[in-house]
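Enquirer: Take a look at this one; I'll ask things after.
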Amino acid sequence: MREFRQRHPRIAGIAAEVGKFGSVGAVAYVVQLGMTNVLWSMGVGPMPGQVVGTVCAIAVAFVGNRFWTYRDRARTGYGRETVLFLVMNGAGMLLQLGCQGFAVYVLELESQLAHNIAGNVVGVGLGTLFRFWSYRTWVFPVAEERARVGG
């Protein structure tokens with residue numbers, strides 16, 4: 001394994017990044033899943049419940065990603081990172097809400113299971129792919145990329 005990492009440092013680095021990102025995401029996902037389901041069981045609608053659950057997960061993800069996943073990246077300013085993180089998560093949340101809205105308003109699915117599949121499986125999956133790409137590209141770029149994106 002050590003030999004592979006030495007010969008392919010970029011692949012090893014991305015694998016480590018995916019592992020950390022995935023660990024933080026798993027914790028945030030548990031927060032989201034718990035919050036949305038508690039709210040839905042209390043009678044909150046599928047869309048507002050999804051928004052509140054996602055906002056709670058975003059807070060967890062920011063702390064984990066800034067201070068653990070991307071702690072080795074050059075700091076580009078707390079304010080800049082926070083704003084970009086929130087913007088990218090807003091876009092990720094729109095992907096989730098699009099999936100949720102399609103299930104609720106187009107397919108007219110009303111069960112909590114359907115809400116979970118649409119918003120918390122499909123929506124979170126698509127949002128996660130977007131978030132991983134956007135974090136490493138814009139929010140927490142490596143030093144060479146930071147110079148290229150105007151940081």
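The values are calculated or read from the model by the stated rules, or taken from the named source; none is laboratory data. Please read all numbers here as calculations on a predicted model, not as lab measurements. With ideal geometry, Cβ positions are generated from the backbone for all residues, glycine too; neighbour counts draw on all protein chains shown. Heavy atoms of the whole protein, side chains included, go into the accessibility calculation; ligands, DNA and RNA do not. Shrake-Rupley method; radii C 1.70, N 1.55, O 1.52, S 1.80 Å.
Enquirer: Can you give me the ranges of the helices (runs of 4 or more DSSP H) entirely in segment 1-64 with at least 2 residues that are open to solvent by less than 60 Å² (accessible area, probe 1.4 Å), under 19 Å from VAL121 (Cβ atoms) and at pLDDT 95 or above?
Expert: On the way: elements: 2-7, 9-41, 46-64.
Correct list: 9-41, 46-64.
Enquirer: Another question, if that's okay. Looking at (1) assigned to a helix (DSSP H, G or I); (2) touching a helix residue (DSSP H, G or I) at 6+ places or on another chain (Cβ under 8 Å); (3) modelled with pLDDT under 90; (4) open to solvent by 70 Å² or more (accessible area, probe 1.4 Å), which is the one condition that is false for ARG75?
Expert: Looking at each condition in turn, ARG75 falls short on (1).
Enquirer: Now for a different question. Of the residues VAL104, VAL124, which is among the hydrophobic types (A, V, I, L, M, F, W, C), within 22 Å of GLU17 (Cα to Cα) and in a helix (DSSP H, G or I)?
Expert: VAL124
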